[in-house]
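Below: one structure, written as structure tokens.
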Amino acid sequence: MTTTTLSLETDSPEQTEALGFALAGLLPFGAVVALRGELASGKTCLVRGMAARIAPEAHVSSPTFTLVNQYGEGLKLYHVDLYRLGGPVEVVDLGYEELFDPDGICVIEWAERAEALLPERRLDVVLEHAGPDRRRITLDDRGLLGPDWPEALKARV
């Protein structure tokens, strides 16, 4: 499988949300997006931007305690937060397979807790602190997006 990587930086939560909004416009139905990053690195901010495109009326918050939030009617955005889970066994108990449904996009915070369960075809996103409000965001396409996605994403942001 060929992978394509794009790294960029945002200077504010609003720019991170704008990146999420642009990214959601490129994702196909059934996409899985695996988010990784420290606490407060902008994962939920990115998802908030994605939801703004898919379900503009949604109030997005981290599903740390509920584990899964669903936004949208037609195309759905499944927002999963695995922070409180101990590992793959608990993720299996959650019924994760249903989240990889072609009627939506599944975005998983703390995806490293379910690494062995993630589909091979996905988008990996790593968010890192690069200053007080600055974030370094690395997107690694693992066969999910088309060949020109980096240019398309940069043109939309």
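See the values below:
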| read-out | value |
| --- | --- |
| 3J(HN,Hα) from dihedral phi, segment 145-157, Karplus parametrisation 6.51/-1.76/1.60, rounded to Hz, x for glycine, proline | 9, x, x, 9, 4, x, 5, 4, 5, 4, 5, 8, 8 |
| Residue-wise HN-Hα coupling along segment 24-39, computed from phi with Karplus coefficients 6.51, -1.76, 1.60 (Hz; x: Gly, Pro) | 4, x, 9, 7, x, 4, x, 5, 10, 10, 9, 9, 9, x, 5, 4 |
| For peptides 15-25, 125-135, 69-79, 42-52, sequence by mean Cβ density within 10 Å, most packed first | 42-52, 15-25, 69-79, 125-135 |
| Residues whose placed amide H lies under 5 Å from that of T4, excluding near-sequence neighbours | D141, G143 |
| Distance from segment 1-80 to segment 106-157 (C-alpha centre basis), Å | 9 |
| A130 long-range amide H proximity, modeled H, under 5 Å | R135, R136 |
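Only the coordinates and a few stated rules stand behind these numbers; no lab work does. This one's a predicted model, so the numbers in the text were calculated from it and none came from an experiment. Cβ coordinates were reconstructed from backbone atoms using ideal geometry, including for glycine residues, and neighbour counts include every protein chain displayed.
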